[in-house]
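Reviewing the structure listed below.
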Amino acid sequence: MAEQKGKRTRDEIIADILKAIAAEKEAGISVIARKANLNFYQRKLFIRELLEKGLITRRNRAYALTESGAEFLADFLKWHS
């Protein structure tokens, strides 16, 4: 029987978004939502927060990691792997 995981934490959701962007170098909003498994409301809320905190930046119609975003993701993966 497969192990069921509970709800994701806020940091896990943020890490999933950053991983989705990092995998593509730059990712559009639909790719991020699909890879991070977010609904429309969650996507909008988290993207806005990550932009405000400087973890991602907007380039034309795509999003890219900032240096701070890459550091956050590296630290998260280090502690959660």
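Summing +1 for each Lys or Arg and -1 for each Asp or Glu, what net charge is found among the other residues whose Cβ lies under 11 Å from the Cβ of Phe46?
Within the 11 Å Cβ shell, the charges total +2.
Apply the membrane-span-like helix rule to the chain: whole DSSP H runs, Cα extent along the own long axis of at least 20 Å, mean Kyte-Doolittle hydropathy at least -0.5. List the helices found.
Helix filter hits for the chain: 10-24.
How far, in nm, would the chain grow between Arg59 and Ser81 when pulled straight, counting 0.36 nm per residue and subtracting the alpha carbon separation?
So the extension gain works out to 4.9 nm.
Would you mind ranking Ser30, Ser68 by Cβ crowding within 10 Å, fewest neighbours first?
Fewest-to-most Cβ neighbours within 10 Å comes out as Ser30, Ser68.
Considering the options Ile32, Gly54, Leu77, tell which one lies farthest towards the positive end of the dipole of the chain, charges being +1 on Lys and Arg and -1 on Asp and Glu at the Cβ, about the Cα centre.
Ile32
For Cα pairs less than 8 Å apart in space and 6+ apart in sequence, what is the mean separation divided by the residue count of the chain, i.e. the relative contact order in percent?
Normalised by residue count, the contact order of the chain is 29 percent.
For a distance above 18 Å, tell me the whole-number percent of Cα pairs in the chain that qualify.
Of the Cα pairs, 37 percent sit more than 18 Å apart.
Which of the trypsin sites (Lys or Arg not before Pro) found in the range 30-75 are in a DSSP loop and have at most 12 neighbouring Cβ atoms, other than their own, within 10 Å?
Those satisfying the criteria are Arg61.
Give me the number: length gained by fully extending Lys35 to Arg10, i.e. 0.36 nm times residue separation minus the C-alpha to C-alpha distance, one decimal in nm.
So the chain would gain 7.4 nm between Lys35 and Arg10.
If each residue's Cβ is checked for other Cβ atoms within 10 Å, how do Tyr41, Tyr63 rank with the fewest at the top?
Sorted ascending by nearby Cβ count, the order is Tyr41, Tyr63.
Points 7 angstrom from Cα along the Cβ direction at Ala74 and Ala23: gap in nanometres?
If labels sit at Ala74 and Ala23, their model points lie 2.1 nm apart.
Report the local net charge at Glu26: Lys and Arg +1, Asp and Glu -1, summed over other residues whose C-beta lies under 10 Å from its C-beta.
Summing Lys and Arg as +1 and Asp and Glu as -1 gives +3.
All of the numbers you see were taken from the coordinates with simple rules; none came from a lab. All values derive from a computational prediction rather than experimental measurement. Glycine also receives a Cβ, built like all others from the backbone with ideal geometry; neighbour counts cover every protein chain displayed.
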